[in-house]
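All remarks here apply to the structure that follows.
The values are calculated or read from the model by the stated rules, or taken from the named source; none is laboratory data. The structure displayed is predicted, hence computed values, not measured ones. All Cβ positions, even for glycine, are placed from backbone atoms using ideal geometry, and neighbour counts span all protein chains on display.
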Amino acid sequence: MKTAVLLTTGVNAEGYRELLGTHVATSESVASWTGFFRDLEAVTVSFVWRLFRNFIGG
């Protein structure tokens, strides 16, 4: 079975990268990323979703 591991990282105030979240999905599709960002948003990382929507033109 094929799987995709989705990772998001951010940069903290000191300039170091931090892992914000991981998700295992069946593919690297828009639906997978959308679900992943909604999960992140549910744990108070709503700015990630807004950046993603701006990036894809939504």
Discussion item. I'm checking my understanding of the structure. Among residues of segment 29-47 that are assigned to a loop (DSSP other than H, G, I, E, B) and surrounded by fewer than 14 Cβ atoms within 10 Å (Cβ to Cβ), which one is modelled with the highest pLDDT?
Written reply: SER29
Worksheet item: Counting just the residues of segment 1-10 that are in a strand (DSSP E or B) and out of contact with any Lys or Arg (no Cβ under 6 Å at 6 or more places or on another chain), which one comes out modelled with the lowest pLDDT?
Response: GLY10
Response to the item:
Filtering segment 1-24 for residues that are in contact with a strand residue (DSSP E or B) (Cβ under 8 Å, 6 or more places away or on another chain), among the hydroxyl-bearing types (Ser, Thr, Tyr) and over 15 Å from ASP39 (Cβ atoms) leaves a count of 2
Worksheet item: Failed condition for ARG50, given (1) among the basic types (Lys, Arg); (2) at pLDDT 85 or above; (3) part of a helix (DSSP H, G or I), with all others met?
Response: (2)
Discussion item. Yes or no: segment 11-26 includes at least one residue that is surrounded by 10 or more Cβ atoms within 10 Å (Cβ to Cβ), on the phi < 0 side of the Ramachandran plot, modelled with pLDDT of 75 or more and assigned to a loop (DSSP other than H, G, I, E, B).
Written reply: yes
